[in-house]
Amino acid sequence: MQILAIILQVLLGLAFLGAGGQKLAASEEMVNDFERFGYPRWFLYATGAVEITGAIGMLAGIFVPLVGALAGMWLAAVMLGALFKPSQKMSGAWLEPVGSPQLLVSRSASSTSRVILPE
């Protein structure tokens, strides 16, 4: 079970490092997405910083399980916020499933990290 937790933590950490890096670098794709969603430019950078912070915590959690568990909850909260975003420009719905696969992985990593924490 511990190997599974480490694999999930590495995959999640790398995924969020990449996603956060794209946002901090203001890649054309990310800028277009945030404009399409109606978010200001500063929110792009803030989201990137939050994602990279969580990714670093997730990777550090390999060595300090409590940090990994906290980072998993941090990233799950980030993705939950991304999942429920109001958008009148998109489909007119209040639920736009942006990043939901990452939310599932984040929740799994958080749960798995709690299993390996010492009592």
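Quick notes
- Scanning region 26-43 for residues that are surrounded by 13 or more Cβ atoms within 10 Å (Cβ to Cβ) and hydrophobic (A, V, I, L, M, F, W, C) gives Ala26, Met30, Val31, Phe34, Phe37, Phe43.
- Criterion violated by Ser110 - all others in (1) at pLDDT 55 or above; (2) surrounded by 17 or more Cβ atoms within 10 Å (Cβ to Cβ) satisfied: (1)
- Check on Ile56, among the β-branched types (Val, Ile, Thr), within 28 Å of Ala69 (Cα to Cα) and in contact with a Leu (Cβ under 9 Å, 6 or more places away or on another chain): yes
- Sole residue being surrounded by fewer than 18 Cβ atoms within 10 Å (Cβ to Cβ) and either touching a His at 6+ places or on another chain (Cβ under 7 Å) or at pLDDT 90 or above (or both), chosen from Ala46, Ala15, Ala55: Ala46
- Odd one out for Tyr39 among (1) of a type outside the set (Asp, Glu); (2) at pLDDT 90 or above; (3) part of a loop (DSSP other than H, G, I, E, B): (2)
The values are calculated or read from the model by the stated rules, or taken from the named source; none is laboratory data. From a predicted model like this one, the values you see are computed outputs, not experimental measurements. When we count neighbours, we look across all protein chains shown, and the Cβ atoms used for this are built from the backbone with ideal geometry, even at glycine.
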